[in-house]
Amino acid sequence: MSMNLRLTRGRGGNRHPIAVKQFIIDRLSLVQEDCISGMHQAYKDALIQLARDRKREFLYHHATYHSFYQQVWELMQEGKIEFSGREEPSDSPGFAGRENKPTRKYYRLARSQRR
């Protein structure tokens with residue numbers, strides 16, 4: 001009798017213990033609006049806390065900033081989140097002496113997604 005066991009992992013990306021898109025939606029419903037770097041940092045902090053709660057020796061792998069940005073973009077294309085209209089110059093220490101600092105854009109849940 002042969003068993004149909006999958007020998008290799010399914011294709012496509014890392015399996016994060018916290019789903020990235022669901023985290024973004026939950027975060028925006030909690031704080032109303034946030035920038036991508038703020039959401040990404042909150043996601044990394046949540047993974048660190050989860051690893052501590054589960055008493056793991058090693059931390060979980062987190063999504064890269066670019067990957068996180070792509071998830072935000074996909075949620076925008078799906079109409080679940082939208083640009084809030086708020087932009088601020090970045091306060092990152094890496095841009096301290098520069099005249100033209102990159103802008104930080106803020107996002108919120110789309111009007112149809114708000115409760």
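The values are calculated or read from the model by the stated rules, or taken from the named source; none is laboratory data. Because the structure is a prediction, the values reported are computed rather than measured. Note that each Cβ is placed from the backbone with ideal geometry, even for glycine, and that neighbours are counted across all protein chains shown.
Here are some notes:
- Within region 79-103, the set of residues being surrounded by 11 or more Cβ atoms within 10 Å (Cβ to Cβ) and either modelled with pLDDT of 90 or more or hydrophobic (A, V, I, L, M, F, W, C) (or both) comprises Gly79, Lys80, Ile81, Glu82, Phe83, Ser84, Arg86, Glu87, Phe95.
- Qualifying positions in region 49-78 - acidic (Asp, Glu) and modelled with pLDDT under 90: Glu57
- Filter pass, Arg56 being within 22 Å of Val20 (Cα to Cα) and in contact with a Ser or Thr (Cβ under 7 Å, 6 or more places away or on another chain): no
- Only one of the numbered conditions (1) farther than 20 Å from Glu33 by Cα; (2) surrounded by 13 or more Cβ atoms within 10 Å (Cβ to Cβ); (3) hydrophobic (A, V, I, L, M, F, W, C) is not met by Met76, and that is (1).
- Checking Gln71 against (1) in contact with a Pro (Cβ under 7 Å, 6 or more places away or on another chain); (2) within 14 Å of Ile24 (Cβ to Cβ), the condition it does not meet: (1)
- Near pairs, Cβ below 6 angstrom, 6+ apart or cross-chain, from region 69-90 (without any contact (Cβ under 8 Å) to a residue 40 or more places away in the chain) to any residue that is surrounded by 14 or more Cβ atoms within 10 Å (Cβ to Cβ) and in a helix (DSSP H, G or I): Tyr69/Ile36
- Qualifying residues in region 1-27 (those that are outside any loop (DSSP other than H, G, I, E, B) and among the basic types (Lys, Arg)) - the one modelled with the lowest pLDDT: Lys21
- Where strands (runs of 3 or more DSSP E) fall wholly inside region 28-115, the ranges with 1 or more residues that are more than 14 Å from the chain's Cα centre (by Cα) are 81-89, 103-109.
- Test for Gly38: is it out of contact with any Asp or Glu (no Cβ under 8 Å at 6 or more places or on another chain) and either surrounded by fewer than 14 Cβ atoms within 10 Å (Cβ to Cβ) or at positive phi (or both): no
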